[in-house]
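Taken together, the values in this text are just the output of simple stated rules run on the coordinates, not laboratory data. Computed from a prediction, not measured in an experiment: that's the story for all the values here. Cβ coordinates were reconstructed from backbone atoms using ideal geometry, including for glycine residues, and neighbour counts include every protein chain displayed.
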Amino acid sequence: MWDWEKNEGWKFLRLENGIPTIYKRFLANCKYSGFENKILPINATTSVGIKLLQRLFNQRRISELPNYIYLDSAHEKDETFIELSLCWDCLVNNGILFGDDWGWEAVKEDVIKFSNTIKDKTNYENLHKINTLVSGSQIINDNILLYNGQWILFKK
């Protein structure tokens, strides 16, 4: 996104004093939608944030690990795989790990590579149930639900 910011028509970062406002907009959207008490926003890298969640849980400062994790990955080959592994380990049983940008080759390759490592830890019942409920979805690599550029993995 930093690289794209140089283009005149596209200003996604909306820099203020050289700092992206994405995080501020995320917090405002959480509050506006009434989810401020259900979402724990952590302004950190995925690896730092996931390790912090696990530490807070082990210290009993939060009562449970996440049921759902939406991963807006680094979009870099192999780094996305590492983030997927960390997030999967942090999810509770019957949790859902999902994200976007299936069209990015690095994301797609790493999600597929990761899905091969969790075949025996996939909740196929939920996968197939959701696939039948969501028109236009498809199953990729036996255990990835794909819908409109969003990928979803179901943990057993």
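Taking the Cα centre of region 69-154 as origin, sum charge times position over the Cβ atoms of Lys and Arg (+1) and Asp and Glu (-1), and report the length of that vector in debye to the nearest 20.
400 debye
Between N126 and I82, what is the FRET efficiency for a Förster distance of 25 Å, r being their Cβ-Cβ separation, to the nearest 0.05?
Taking R0 as 25 Å, the efficiency between N126 and I82 is 0.50.
Any idea what the alpha-carbon Rg over 2.2 N^0.38 Å comes to for region 69-154?
0.98
Taking each full run of DSSP H in the chain as one helix, which ones are at least 15 Å long along their axis (Cα atoms) and have mean Kyte-Doolittle hydropathy of at least 0.0?
Qualifying helices, which must be both long enough and hydrophobic enough, are 46-58, 79-90.
Points 7 angstrom from Cα along the Cβ direction at D142 and N37: gap in nanometres?
According to this spin-label approximation, the distance is 4.4 nm.
Taking Cα pairs under 8 Å and at least six residues apart, what relative contact order does the chain come out at, in percent?
Once divided by the residue count of the chain, the mean separation gives 17 percent.
Once you place label points 7 Å from the Cα toward the Cβ at M1 and I62, how far apart are they in nm?
That separation, rounded to one decimal, is 2.0 nm.
Can you give the % of DSSP beta bridges in the chain that are antiparallel, to the nearest 5?
Looking only at bridges with both residues in the chain, the antiparallel portion is about 75 percent.
Given charges of +1 on the Cβ of Lys and Arg and -1 on the Cβ of Asp and Glu, with all other atoms neutral, how large is the dipole of the chain about its Cα centre, in debye to the nearest 20?
700 debye
Sticking with the crude label model, points 7 Å out along Cα→Cβ, report the distance from Q54 to N29 in nm, one decimal please.
2.8 nm
Considering the chain as a Gaussian network with a 10 Å cut-off on Cα pairs, which listed residue, Y124, Y32, Y23, attains the greatest mean-square fluctuation?
Answer for the Gaussian network model of the chain: Y32.
What do you get for Rg/Rh of region 1-69 when both radii come from the Cα atoms and Rh is the Kirkwood radius?
We get a ratio of 1.08 for region 1-69.
D72 to N116: FRET efficiency via 1/(1 + (r/R0)^6), r the Cβ-Cβ distance, R0 22 Å, to the nearest 0.05? Can you show the working numbers first?
Working: r = 22 Å, r/R0 = 1.01.
So the FRET efficiency works out to roughly 0.50.
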